[in-house]
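Inspection log for the structure reproduced underneath, given as structure tokens.
The values are calculated or read from the model by the stated rules, or taken from the named source; none is laboratory data. Because the structure is predicted, anything quoted here is derived from the model rather than measured. Heads up, the Cβs are rebuilt from the backbone with ideal geometry, glycines too, and the neighbour counts pull from every protein chain shown.
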Amino acid sequence: MPRTLQPLDNGRLLISLTYSNSVYCLQDTNGDGVSDKKWLAYENNGKNTNNLEHQKSGLIWNLDNRMYLTYDPVRFTVKGDKVVPDTLIDGTAGQWGLANDDYGRLFFSSAGGEDPAYLYQQNVHYGHFDYGDRYDKDFIPVWPIVTTPDVQGGFGRLRLEDSTLNHFTASCGQGVFRGDRLPSDLKGDLLICEPVGRLIRRAKVTNNNSKITLRNAYDKSEFIASTDLNFRPVNTSTGPDGCLYIVDMYHGIIQESEWTKADSYLRPKIQQKGLDKNIGRGRIFRVVHDDYKPLNTRPKMLEESSSKLVEHLSNNNGWWRDNAQKLLVQRGDKSVIADLRTLAAGGGQLARIHALWTINGMDAMDEETFAKALKDPDAEVRKQAVWIGEDYMTKNSNAISLLEKLSNDLSSDVRFQLLLTMRFVNSTQSKAIIAGLVKNYPDDQALQNSQRSYENKLRAKTEQLVRQKAMSEQGAKLVAQGAIIYKQLCITCHGSDGKGVNTGGPGMIAPALAANPDVNAQAPDKLIRILLHGLSGPIRGTRYPDAMPALGANDNNYIASVLGYVRNDFGNKAPIILPDDVQKIRDASKERTKTYTMDELDGIRSILRK
């Protein structure tokens with residue numbers, strides 16, 4: 001099925017499909033609305049057998065002219081008819097949905113990890129970094145206006161007094177409102193869909209010395225909530241008319257089939273309410289306001305001149321600015337460079353920022369424009385120029401010296417971005433700039449914590465490589481591949497440190513893997529059976545909200561890789577699991593049709609000895 005779409009110029013459409021890691025380009029060359037050309041824009045033949053809840057989404061075009069998505073550990077740049085990948089050091093994040101604001105900040109959500117918003121402190125290109133207190137304690141509870149019978153996790157996810165969902169569980173479809181036809185106090189707010197609770201959260205975004213935090217815009221209430229059990233908001237977006245759009249799946253069942261099997265908690269609840277009967281529907285809402293008339297001008301950007309597109313970079317609606325920039329970058333029409341430089345020097349704040357990124361995307365940045373942007377009176381413009389500096393340093397040897405002058409900038413945002421921009425330069429001068437920032441600003445939380453997190457991860461990676469060198473060639477290869485799988489999938493519920501995830505709800509999402517006796521057991525039978533067929537019910541006396549889904553559709557190498565990594569990281573040290581081991585358990589459990597319980601596993605005799 002089509003999973004992500006990104007329209008380009010000249011009738012081209014980028015598309016990725018479920019169970020595929022490649023990106024295709026379709027083109028309509030004769031204007032009849034039907035594609036007559038199709039080619040591989042990016043080829044990656046690696047298997048992707050995750051269930052639908054864990055397939056990638058996004059492919060959004062961000063301010064920096066890169067396309068970001070969830071799950072795949074890459075970001076993309078369009079180069080002609082090809083999509084060029086750039087590997088992310090910590091992989092990517094999120095689940096369904098990915099949003100960006102006026103300044104290119106990305107917001108991820110995780111339904112599996114019950115985390116409504118995370119990894120927005122810095123661009124994921126520079127590595128994962130978060131705060132534990134990125135939102136207050138009142139942010140996690142949600143406030144439905146109808147009982148929530150069909151929640152994975154059962155009664156532990158409901159309020160005793162009214163049986164409504166008590167906290168986020170299905171966060172998705174987030175969007176930042178960037179239009180101009182609703183009250184200005186909504187602009188810049190983050191909207192998060194919660195389809196299990198039949199509601200949409202409105203979050204106020206606050207920047208306090210580069211630490212970004214969220215809070216609910218209302219007291220024990222939501223932006224939108226419905227009593228209709230079929231109301232399933234799954235996406236939000238700003239439209240070209242300046243209004244807010246909401247995609248309502250309008251579907252009885254919201255959970256993927258892995259969690260609604262015959263022996264699940266959810267199946268009888270679904271059948272009792274007749275939710276399985278409502279299929280094949282869907283709605284799109286437009287949110288308007290009595291005091292604002294929606295813009296009725298139909299966009300015709302594909303037909304407009306490049307000069308006209310430059311004018312759109314000053315539009316009050318982010319939809320117009322984004323698409324004008326995208327088209328200008330793809331056209332590469334150098335005849336408008338002078339206009340762009342004029343706009344970068346004298347336009348409004350957002351117009352200056354878009355002009356700078358457009359020039360950069362057209363590979364036409366010059367030292368005069370760059371140096372002037374670094375001295376802009378607006379801190380946000382200076383920050384964006386520093387961000388652009390990561391690209392410009394590869395073209396101009398003097399750029400790093402210009403950037404160094406901002407080491408004592410009055411804005412913590414500018415200094416933080418300078419630190420990030422220097423992170424991968426790996427020169428004597430860049431290292432000195434980073435060292436100076438860390439030394440001179442000891443109270444700058446974002447700067448200090450981000451750098452400390454990055455250095456700790458580098459240290460852990462080095463230690464992991466040392467362990468891999470002590471393994472056999474096959475074992476080292478399996479563990480390396482398992483690390484990639486873990487960061488794409490398992491991290492959602494088990495955490496980046498293997499200690500589990502707690503977003504403020506009642507208890508952990510899933511058990512910790514670090515120092516787990518079952519993970520470190522000499523005989524790995526239990527672990528292999530769990531990954532092949534799944535696990536439900538209490539574990540060592542603790543009941544978790546989600547069942548572990550079966551991953552048996554993956555091949556033996558996949559199962560052995562992820563288990564090999566888990567058993568040799570997070571302080572764990574256990575023998576490698578080989579694909580042949582997985583096959584033995586697969587053969588022994590081939591008649592299995594349902595998930596295991598821990599009591600069952602404890603009673604099964606081991607057939608593997610390590």
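Brief remarks on what is shown
- Per the conditions (1) touching a helix residue (DSSP H, G or I) at 6+ places or on another chain (Cβ under 6 Å); (2) at pLDDT 90 or above, the sole criterion not satisfied by Lys82 is (1).
- Test: residue in region 318-337 that is among the aromatic types (Phe, Trp, Tyr), under 15 Å from Asp391 (Cβ atoms) and crowded, with 20+ Cβ neighbours inside 10 Å: no
- Taken residue by residue, region 113-134 has at least one member that is of a type in the set (Gly, Ala, Ser), over 26 Å from Leu447 (Cβ atoms), assigned by TED's automatic domain parsing to the domain that holds Lys220 and buried (at least 19 other Cβ atoms within 10 Å of the Cβ).
- Put simply, of Val247, Val196, Val205 the only residue that is in contact with a Leu (Cβ under 7 Å, 6 or more places away or on another chain) and more than 30 Å from Ser411 (Cα to Cα) is Val196.
- Test: residue in region 135-145 that is touching a helix residue (DSSP H, G or I) at 6+ places or on another chain (Cβ under 9 Å) and of a type outside the set (Gly, Ala, Ser): no
Results for (1) more than 30 Å from Cys172 (Cβ to Cβ); (2) not assigned by TED's automatic domain parsing to the domain that holds Ala514, shown as yes or no for each residue.
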site	(1), (2)
Tyr454	no, yes
Lys457	no, yes
Thr462	yes, yes
Val466	yes, yes
Ala476	yes, no
Ala480	yes, no
Ala483	no, no
Gly495	no, no
Lys499	no, no
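- Complete set of residues in region 146-161 that are touching a Lys or Arg at 6+ places or on another chain (Cβ under 8 Å) and in a loop (DSSP other than H, G, I, E, B): Val146, Thr148, Pro149, Asp150, Val151
- Here Arg331 qualifies as touching a helix residue (DSSP H, G or I) at 6+ places or on another chain (Cβ under 8 Å) and of a type in the set (Lys, Arg).
- Look at (1) part of a helix (DSSP H, G or I); (2) under 21 Å from Thr238 (Cα atoms) and you find that Ser314 fails only one, number (1).
- Residues located in region 564-610, provided they are surrounded by fewer than 15 Cβ atoms within 10 Å (Cβ to Cβ), more than 36 Å from the chain's Cα centre (by Cα) and of a type outside the set (D, E, K, R): Gly603, Ile604, Ser606, Ile607
- On inspection, Thr542 fails the criterion of being of a type in the set (S, T, N, Q), surrounded by fewer than 19 Cβ atoms within 10 Å (Cβ to Cβ), under 29 Å from Glu114 (Cα atoms) and in contact with a strand residue (DSSP E or B) (Cβ under 8 Å, 6 or more places away or on another chain).
- Residue in region 57-79 that is of a type in the set (Asp, Glu), over 12 Å from the mean Cα position of the chain (by Cα), under 30 Å from Arg157 (Cα atoms) and outside any strand (DSSP E or B) present: no
- So Gly31, is it of a type in the set (Gly, Ala, Ser), assigned to a loop (DSSP other than H, G, I, E, B) and under 23 Å from Arg331 (Cβ atoms): yes
- Leading residue by the ranking (surrounded by the fewest Cβ atoms within 10 Å (Cβ to Cβ)) among those in region 545-563 that are touching a Gly at 6+ places or on another chain (Cβ under 7 Å) and farther than 16 Å from Ile484 by Cα: Asp546
- Taken together, Gly564, Gly495, Gly534 contain a single residue that is at positive phi and modelled with pLDDT of 85 or more, which is Gly534.
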